[in-house]
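Student: Could you have a look at this structure, given as C-alpha cells, before my questions?
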Amino acid sequence: MEHQSLIFRIFIHTMALLVAVVILAPLAWLFIMSVSSSVDLSAKPLHWWPETLDFSRYSLLFSQSDNSAGAAFMSSLGNSIKVASMATIAALVVGVPAGWAASRNPQLGWTLGGVIGTYMLPPVALSVPLYLILAKFGLLNNVFGLALVYLSILAPFVTWLLKAGFDPIPRDLEDAASIDGARLDQMLRIVILPLALPVIATALIFAFLLAWDEFFYALLFTSNQNAKTLTVAIADLAGGRVSDYGLIATAGVIAALPPVAVGILMQRALISGLTNGGVKG
Amino acid sequence: MSTLELHGIRKSYGALETLKGIDLDLQNGEFLVLLGASGCGKSTLLNMISGLSEPTAGEIILDGRTLNGVHPKDRDIAMVFQSYALYPNLTVARNIGFGLEMRNVDLTTRKKAVAEAAEMLQISHLLDRKPGDLSGGQRQRVAIGRAMVRKPKLFLFDEPLSNLDAKLRMEMRSELKRLHQMLGVTVVYVTHDQIEAMTLATRIAVMNGGQIEQLGTPAEIYNRPTSRFVAEFMGAPPMNILPTSAVAGGLRLGTTKTVWRCHHPASEIVVGIRPEALKTKTIAGGLRLSGRVELIELTGPEQIVSLALDGASITASLPAEEELRLGQALDLYVDTERLSAFDAETGLRVEITSEHPKA
C-alpha cells in the first residue's frame, strides 16, 4: 500500500520492535550472564547489569591445561564440529542425487513419504535399537558412530527439502542439455546444481543446525571426551554439585558461534543464487 | 536424398495408444510442419525423434542410421523448445556454445562459431548477458542460435513461437523462413497454429488422434483437403460445411433452392465451401446462394459476413469495399471448381465432377 495512515505505521513499527525484542532478549541476557560475576548473578534483587565485566570464564573454557574444564569443553567443541560437519556433508552427498531423482520421478514420492513417516516416531523408541546396532559395530562413544546416527536423521530431511528445491527447475533444461550433448554429470554440474544452489545452502544450514543442537542421542551414545559433543558438555556443566550459571551461559555463547559462521558463509551462497536470474528460461 | 525416415511409429502409455502408426519420409532441406490440435500426438512424435522418449514400435532412421535406442546426445539433432530452455546461470555466449563445449570443441573455434551465429541472429551485443535479462524475442533468438551453432543434421522446433506476442511472432516467423532458405537445413516443426504451418512449411502433416490425416504441400492441404477434418482445421474463418440431399441430376445444398448439377455417388455427401471462394459477382457456371446478411465483422482488409440461408448459415470473406447493410438480401456465387465434397459418413474426400448445362 502506498498510503498508510500514521496509526497503522506506528502499529507496524511497534509490532516489529516487539518481535525483535522477543527474539533478541534471551541472546542479550545470555551474553550478559556470561560476563557477570557470580555475585551479580546470585544477588537479590537481580543485578540486570554487572558492576564489572568479568571475562574470566572465557579464558577458563579456552584454557588448555590437562584435565581442566577448558580441555573437556574444547574437545567437545571439536567433537561437535566433526560430527555435525561429517553428518551434514554425508547427508548432502546422499540427499542431492536422491532429491533430484525423487523430483524427476514423482511416482517414487511415496518412498520419501514413508521415510519422512519415521520422523513421527519419538527418538526414545529408536534409542534402544540404535544403541544395540552401534554396540555391535563397536561405534559407541565414537564420533563416526554418532555422525552415522545423525546421518539417518538428516538424510531424509535433506532429501525432502532438496526435492522441493529441484521441483521448480524445468525439465526442459535437462532435455535441452542432453540434446546439446551433455553427459549426466555435466548436466548436473553445469546446469542443474547451480540453479539449486540456494536450496542446497538452505539444506546445509538446517542440517548442520539439527546435528549441532542434537542432545538426546549424543547423551546416550557418548561417554567421554573422545566423542562427547557440546550439548552434552554444557549439560555436564550444570550437572555438578554447584551450577555456575555464568559458565553455562559462556559455553552457550561459544556454542552459538560456529552455526553463526556457517550461516554467514551460506548467506553469500544464498544471495548469489538468488541474483543469478529467474529460473524461467 | 531422404534424411529422416519414420516407419510405423507407435507409442502407447499403458492401454492408451497416443501414436497409431506414423510413416514419414523427409527429404534433405525440407521444412516439415506437424500440425494438429493439442493431444494429437505431435509433440510425442517430436520427442521420439529427439530421443527424449522411445517409440513402442517402429523405426526412426536419420541419414541411413537407425536411431532407436540411441541417446539424444549422440543423435546429431538440435531442438528449440517452447519454453526456450535457456540455461539461466550461463551467459548468452555460453548458452549458444554449450553444444560445442560438450563436444570438446576448442575455445577459439567455439568463439568464432558463436560469434557467427550471433551475427546472423543479430544478438552479438547480448553475448555477455544472462538469459534473465533478455526479452522473449531475444531469448528465442538465443535458443535458435544454440541449435544452429552445432550444424546438426536435423532441427526440431516444438511450438517455438507460441510464447511470443502477435507482432513478434510474425517477425520471428519471417526470420525462421529466411534462415531456412539461407541455410537449407532440414527441419521438423511442431505447431497448432495453421498460419505458421502454411507460411513456413514445404510440407505439412496434419495430425489427428495419433495419425497423420494428410501429408502434402500447404497448397494441397488448403485447396484439396483429403478429409473433412483437415478441411475444417485449416483456414480462418473455417470452411463452411453444408449437408446435401440428392435430387434429380445433382445435389441440393442444405435446404436451399441451390442445386449443384453433378455426377455424385449414392452415399450421403457434405459440401465444403471456403469463405473466400464466395463472391458477390456472378460466376459463369457457378452456384448461387441467396440469403440475408446476419452479421458483419470488419477485419480491415476484408469483412467477414454471415449469411442466413434457409435453415443454415454460411460465412463469406468479402472485400471491405463492398457496401453491405445488416438484414439486406444478398446473393453470393461460388465456382464449382472450388467446392470440396466429403462423404458424410467417413469424412473422406469424394471427387465429384460438375455437369455443365449445354449452352
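The values are calculated or read from the model by the stated rules, or taken from the named source; none is laboratory data. From a predicted model like this one, the values you see are computed outputs, not experimental measurements. Positions of Cβ are generated from backbone atoms using ideal geometry, with glycine treated the same way; all protein chains shown enter the neighbour counts. All accessible areas refer to the heavy atoms of the entire protein, side chains included, with ligands and DNA or RNA removed. Shrake-Rupley method; radii C 1.70, N 1.55, O 1.52, S 1.80 Å.
Student: Could you tell me whether any residue of segment B:67-81 is out of contact with any Phe, Trp or Tyr (no Cβ under 7 Å at 6 or more places or on another chain), more than 13 Å from every other protein chain (Cβ to nearest Cβ) and closer than 20 Å to B:THR186 by Cβ?
Tutor: Yes: segment B:67-81 contains one or more residues that are out of contact with any Phe, Trp or Tyr (no Cβ under 7 Å at 6 or more places or on another chain), more than 13 Å from every other protein chain (Cβ to nearest Cβ) and closer than 20 Å to B:THR186 by Cβ.
Student: Quick one: in segment B:278-327, which of the residues that are touching a strand residue (DSSP E or B) at 6+ places or on another chain (Cβ under 6 Å) and among the acidic types (Asp, Glu) is nearest to B:ARG252 (Cα to Cα)?
Tutor: B:GLU294
Student: In segment B:175-200, what residues are open to solvent by 10 Å² or more (accessible area, probe 1.4 Å) and within 9 Å of the chain's Cα centre (by Cα)?
Tutor: Selection gives B:HIS192, B:ASP193, B:GLN194, B:ILE195, B:MET198, B:THR199.
Student: Related question: Would you be able to tell me the number of residues in segment B:197-222 that are without any contact (Cβ under 8 Å) to a residue 60 or more places away in the chain and part of a helix (DSSP H, G or I)?
Tutor: Number satisfying all stated conditions: 7.
Student: Right, something else. Test B:GLY8 against the criterion of being more than 14 Å from every other protein chain (Cβ to nearest Cβ), under 22 Å from B:MET198 (Cβ atoms) and either part of a strand (DSSP E or B) or of a type in the set (Gly, Ala, Ser) (or both), and give yes or no.
Tutor: Against the criterion (more than 14 Å from every other protein chain (Cβ to nearest Cβ), under 22 Å from B:MET198 (Cβ atoms) and either part of a strand (DSSP E or B) or of a type in the set (Gly, Ala, Ser) (or both)), B:GLY8 does not qualify.
Student: Name the residue, out of B:GLY14, B:GLY58, that is open to solvent by 10 Å² or more (accessible area, probe 1.4 Å) and more than 14 Å from chain A (Cβ to nearest Cβ).
Tutor: From the options B:GLY14, B:GLY58, the qualifying one is B:GLY58.
Student: In this structure, is B:ASN68 over 21 Å from B:ASP128 (Cα atoms), over 23 Å from the mean Cα position of the chain (by Cα) and not acidic (Asp, Glu)?
Tutor: The answer is yes for B:ASN68.
Student: Let me ask another. Considering every residue within segment B:225-245, establish whether at least one is open to solvent by less than 80 Å² (accessible area, probe 1.4 Å), among the hydrophobic types (A, V, I, L, M, F, W, C), in contact (Cβ under 8 Å) with a residue 12 or more places away in the chain and in a strand (DSSP E or B).
Tutor: Yes, segment B:225-245 contains at least one residue that is open to solvent by less than 80 Å² (accessible area, probe 1.4 Å), among the hydrophobic types (A, V, I, L, M, F, W, C), in contact (Cβ under 8 Å) with a residue 12 or more places away in the chain and in a strand (DSSP E or B).
Student: If you don't mind, there's one more thing I want to ask. Where in segment A:22-141 are there helices (runs of 4 or more DSSP H), lying fully within it, with 2 or more residues that are at pLDDT 90 or above and closer than 30 Å to A:ARG189 by Cβ?
Tutor: Helices (runs of 4 or more DSSP H) meeting the threshold: A:69-104.
Student: Sticking with this one: Exactly one of (1) touching a residue at least 24 places away in the same chain (Cβ under 8 Å); (2) within 23 Å of the chain's Cα centre (by Cα) is unmet by A:MET120. Its number?
Tutor: (1)
Student: So which residues in segment B:83-93 are buried (at least 18 other Cβ atoms within 10 Å of the Cβ) and either touching a Gly at 6+ places or on another chain (Cβ under 7 Å) or more than 7 Å from chain A (Cβ to nearest Cβ) (or both), if there are any at all?
Tutor: Matches in segment B:83-93: B:SER83, B:TYR84, B:ALA85, B:LEU86, B:PRO88, B:LEU90, B:VAL92, B:ALA93.
Student: Here are the criteria: (1) at the interface with another protein chain (Cβ under 7 Å from one of its Cβ atoms); (2) surrounded by fewer than 22 Cβ atoms within 10 Å (Cβ to Cβ). Tell me which single one B:ALA115 does not satisfy.
Tutor: With respect to (1) at the interface with another protein chain (Cβ under 7 Å from one of its Cβ atoms); (2) surrounded by fewer than 22 Cβ atoms within 10 Å (Cβ to Cβ), B:ALA115 is out only on (1).
Student: If you don't mind, there's one more thing I want to ask. Please go through (1) free of Cβ contacts under 8 Å to residues at least 60 places away in the same chain; (2) under 29 Å from B:SER135 (Cα atoms); (3) surrounded by fewer than 19 Cβ atoms within 10 Å (Cβ to Cβ) for B:ALA37 and return the number of the only condition it doesn't satisfy.
Tutor: Here B:ALA37 clears every test but (1).
Student: Related question: Looking at segment B:209-218 only, could you name the residues that are surrounded by fewer than 18 Cβ atoms within 10 Å (Cβ to Cβ) and within 14 Å of B:LEU348 (Cβ to Cβ)?
Tutor: Once the filter is applied, which keeps residues that are surrounded by fewer than 18 Cβ atoms within 10 Å (Cβ to Cβ) and within 14 Å of B:LEU348 (Cβ to Cβ), segment B:209-218 yields only B:GLN211.
Student: Among the residues of segment B:160-174, write down those that are of a type in the set (Lys, Arg) and either over 17 Å from B:VAL80 (Cα atoms) or loosely packed, with under 15 Cβ neighbours inside 10 Å (or both).
Tutor: B:LYS167
Student: May I pose another question? Has segment B:43-50 got at least one residue that is surrounded by 15 or more Cβ atoms within 10 Å (Cβ to Cβ) and farther than 30 Å from B:ASN163 by Cβ?
Tutor: no
Student: Right, another one. Does A:ALA90 satisfy the condition of being open to solvent by less than 60 Å² (accessible area, probe 1.4 Å) and farther than 30 Å from A:LEU195 by Cα?
Tutor: no
Student: Among the helices (runs of 4 or more DSSP H) confined wholly to segment A:162-228, which include 1 or more residues that are within 14 Å of chain B (Cβ to nearest Cβ) and surrounded by 18 or more Cβ atoms within 10 Å (Cβ to Cβ)?
Tutor: A:171-179, A:193-213
Student: To continue, here is another question. Find the strands (runs of 3 or more DSSP E) located wholly in segment B:268-316 whose residues include 3 or more that are not assigned by TED's automatic domain parsing to the domain that holds B:ALA344, and list them.
Tutor: none
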